[in-house]
Every structure is written in C-alpha cells, then in structure tokens.
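Trainee: I'd like to ask you about the structure that follows.
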Amino acid sequence: MIEVRALVKTFSDRRSDRVRAVDHVSFKVEDGRFYTLLGPSGCGKTTTLRCIAGLEKPDSGEIEVSATKVYSSANGTFVPAYRRPIGMVFQSYAIWPHLTVFENVAFPLRVGKQRLSGAEVRKKVGNALEQVELGQLEERMATQLSGGQQQRLALARALVREPQVLLLDEPLSNLDAKLRERMRVELRELQRRLRITTLYVTHDQIEALSMSNVIAVMSAGVIVQEGPPREIYTHPKTQFVAQFIGSTNQLTGRMRGLQGEGACQVETDVGKLSCGMVKDIPVGSEVVVVVRPENVILHTRKPSGVENVVEGKVATVMFLGEYLDCTIELGRNVVRTHQPHSLQLRRGDAVWVELPSSGCLALSAEELPIAGGIQPESSGKNV
C-alpha cells in the first residue's frame, strides 16, 4: 500500500521565484492495485513519484509505503531511497551498457549493507529474469537487446530485491507504437501475476485507460479527478479532464434549467440540448457541453421523435481503417465523429447530427491551463 497525505514540494526557478510542483496532494494505492498518475508535462506527477521513491525530499506532508512511514514533516522522518521497500523503473531504463543482462539485474543485490552469497544472487537474478521472460539471455550484453527487452531488463532489476511496491516513470515512452501496445499488455499481466502494488506515471491517456485500476488526473500540481478509468472517461468532472482524456467535442452555452436528477437543458449556438450533469450547475451559468466523437450519430434524413438533432454539412471524411473520421459543420461550430464504412459520406453532403442526451455532459465553463505546468507561489515575489 502507498498512502500520500497533503504532499507539498516546491522548487526555485531561474528568477529565484518559488514554484510549487506538488500542491497538497493526497491519495491512497491499495495493496495489489495498479494506480496511475496521469497528466501533461509539468503537472507534478513525476515529482510526486520521486518523492515517494526518496529521490526528492518534500517540503511537507506524509508518505507511507507498506504501512511504514518513510517521510513525515511533522516529526522529521526521511527514510533514504535505498532503505525503502520499492523497485523503480525510469523513463530512460538506466541500464548499464557495459554489463551483461545478469550483471545489470544483480547490481542492486551487490550494493548497500546486505551481503548475499553467490548462490543467493544467482537464484534471485534467475527468478527475476524468468518473471520477465529473459531467462535465456542472461549472458547477453545489454546493448544487444531490443527496446522491448531493455524495458523488461529494467523491470527485472526493479523486481530482483522483491519490493513491496513498484514505481514506474513513463517506462514505455521510448518504444515505437507497435511495441508500446504489446508491452502495455505484458506489463499489466506481469503486475496481475505478481500482485504487486504499482504506481505508474504517464502522460499517455491510452496507457492509463487500458492498464489502471484507478487513475488520478493531475494538473498544475493537484489531483483534479480520481476514479476508475471508465468513470474518468465517461463522467469527467471538469472541462480540463474532458479535454485531456480522449477526443471530445465542446459546445459553449448557458444553463437554462434542470430536467430531473442529473439532467439539464442548455442553450447553445446549435439550439437547445438535453444533457447529463455530474454536479449541479446554477441556472444562467456559462457551461460547456462535451460529446465524445463515438457518441455522435449521423442521419442522411431527419429522424422523427428524436431530441438533440441538428442539421449540418460534412466538412471532411478521413479513412482510418477501423472507421471513418468525419468533421461536421454545425453553423459556426464543428463536431468530430467516428462513423462506420457502410455510411457513404462525401464532403459537402447534408446530414442530420444526433447528439444523444445520454452522451452529452454539461460542465461548468472554466479557464483551461495553457499547460499542466507548475504554478508560482506568488506573483513576482520571492518566497
């Protein structure tokens, strides 16, 4: 288990301003779960991971790993990285090119105060390599491995000390698309098989959605939403989460009234739309209606008895193999949609666009961050 409470970490920039990279972050990773910190570059996710690993010392807060308090600002506790029950895989893998596969994995067992016999080292290294299916390559030089094999080597080295927690910092970012897809499956299966508590950091939404039990979306040093992948995708709580997770269409409007629990009506440029709501929004407030491309339905004739139907014109049609990626002009607005090949569409065709109320979500309009970056503690003043 990992438990983080009110974690704060600041740095000084080149102007000597204090910038807060992690701003009172709290979360809990249950035993055996795969928990992902997801967000854009500079949002504080890697800094949070490094604080848990003991590679950065926070300013304040508490960190527990497997029921052991490894950091507490209240009583001055700071357990050094080598004494924490963790294994870590870095984005660059950090393997030694002049060592063999065996020697790379054995290295953590030969440093520090622990002293293992040669037989014990060979047994532990052998077990770690078998777990990642590199058992037949222990005498090969690290430079002779493929990208996927190097990633597995880094995993084996992280696992050889039999840690209680595994920390992964964007481990797939250096792989090509096909290999990354395969390694997502292999890594998740390994985690399930070992039942090891895992904290994963990534900016890649596909990795987070496909691998995680729980996702925490970060922006500007804070967690803005936490939950299971399906909930994060289908019920984003903020405009930022909706825009960052997957593709989405956004229509601006104003809240006109409620239509029962969790439902409302919004006046937009394309007309009145019935929508769902994650949380209550005052009548008259500016809102954004978000609709995923896969929820947009196209008709070549105007359907009867259906709400949220708008006349539009096909702007573009792109063949993407599995589906047609289309953009539809709705007056001054443009929506994107994924359609089956069976729908014969050409640029300029008139269509009727159905935006099902079950696929429309009204969110409070907000000022989106330009990037996920760290925020100054003060405006132009040193702290």
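Trainee: Rounded to the nearest 20 debye, what is the charge dipole size of the chain about its Cα centre when +1 sits on each Lys and Arg Cβ and -1 on each Asp and Glu Cβ?
Mentor: Once rounded to the nearest 20, the dipole reads 920 debye.
Trainee: Ok, one more. So how much slack lies between residue 1 and residue 346, counting 0.36 nm per residue of separation and subtracting their Cα-Cα distance, in nm?
Mentor: Gain on stretching residue 1 to residue 346: 118.8 nm.
Trainee: Are any of the pairs 28/69; 28/124; 28/237 more than 18 Å apart by Cα-Cα distance, and if so, which?
Mentor: 28/124; 28/237
Trainee: Fewest Cβ neighbours within 10 Å first, please rank 95, 52 accordingly.
Mentor: Going from sparsest to densest Cβ surroundings: 95, 52.
Trainee: How far, in nm, would the chain grow between residue 119 and residue 99 when pulled straight, counting 0.36 nm per residue and subtracting the alpha carbon separation?
Mentor: Taking 0.36 nm per residue and subtracting the Cα distance, the gain is 5.3 nm.
Trainee: I would also like to ask the following. Please compute the net charge surrounding residue 41, taking Lys and Arg as +1 and Asp and Glu as -1 over other residues with Cβ under 14 Å from its Cβ.
Mentor: -2
Trainee: Okay, moving on. Which whole-number percent is the relative contact order of the chain (Cα, under 8 Å, 6+ apart)?
Mentor: 19 percent
Trainee: For the stretch 54-208, what class follows from the C-alpha gyration tensor (a ≥ b ≥ c being the square roots of its eigenvalues): rounded when a/c is under 1.5, otherwise prolate if a/b is larger than b/c, else oblate?
Mentor: Oblate, because a/c is 1.5 or more while a/b does not exceed b/c.
Trainee: In straight Cα distance, which lysines are under 21 Å from residue 313, not counting same-chain residues fewer than 8 positions off?
Mentor: Leaving aside lysines fewer than 8 places away in the same chain, those within reach of residue 313 are 272, 302.
Trainee: Continuing with the same structure: From the helices alone, meaning DSSP H stretches of at least four residues, give me the mean residue ellipticity at 222 nm for the chain, per-run term -39500 (n - 2.57), in deg cm²/dmol to the nearest 500.
Mentor: The per-residue figure over the chain is -6000 deg cm²/dmol.
Trainee: What order, most packed first, do the peptides 25-38, 1-14 have when packing is the mean number of other Cβ atoms within 10 Å of each residue?
Mentor: Ranking the peptides 25-38, 1-14 by packing returns 25-38, 1-14.
Trainee: Which loop-located trypsin sites (Lys or Arg not before Pro) does the stretch 161-235 contain, where loop means any DSSP state but H, G, I, E or B and the Cβ has at most 12 other Cβ atoms within 10 Å?
Mentor: 195
Trainee: Which of the peptides 147-159, 309-321 is most tightly packed, and how do the rest follow, judged by the mean count of other Cβ atoms within 10 Å per residue?
Mentor: Highest to lowest by the protection proxy: 147-159, 309-321.
Trainee: Each label point is 7 Å from the Cα along the Cα-to-Cβ direction; what then is the distance between the points at residue 179 and residue 272, in nm?
Mentor: Placing both labels 7 Å along Cα→Cβ, they lie 5.7 nm apart.
Trainee: Let me ask something additional. Quick check on the stretch 208-332: take the gyration tensor over C-alpha atoms, sort the square-rooted eigenvalues as a ≥ b ≥ c, and tell me if it's rounded (a/c under 1.5), prolate or oblate.
Mentor: Oblate.
Trainee: I need the calculated FRET efficiency for the pair residue 318 and residue 250, taking r as the beta carbon distance and R₀ as 22 Å, to the nearest 0.05.
Mentor: Taking R0 as 22 Å, the efficiency between residue 318 and residue 250 is 0.60.
Trainee: Cβ neighbours within 10 Å, averaged per peptide: list 268-275, 336-343 in order, most packed at the top.
Mentor: In descending order of packing, they fall as 268-275, 336-343.
Trainee: Still on this model: Along the positive direction of the dipole of the chain (beta-carbon charges: Lys, Arg +1; Asp, Glu -1; about the Cα centre), which of 107, 154, 310 reaches farthest?
Mentor: It is 107.
Trainee: How large is the charge dipole for the stretch 262-346, taken about the Cα centre, if only the Cβ atoms of Lys, Arg (+1) and Asp, Glu (-1) carry charge, to the nearest 20 debye?
Mentor: 240 debye
None of the figures in this text is laboratory data; all of them are computed from the coordinates on show. Quantities reported herein were computed from a predicted structural model and do not represent experimental measurements. Here the Cβ is made from the backbone with ideal geometry for all residues, glycine too, and neighbour counts use every protein chain on show.
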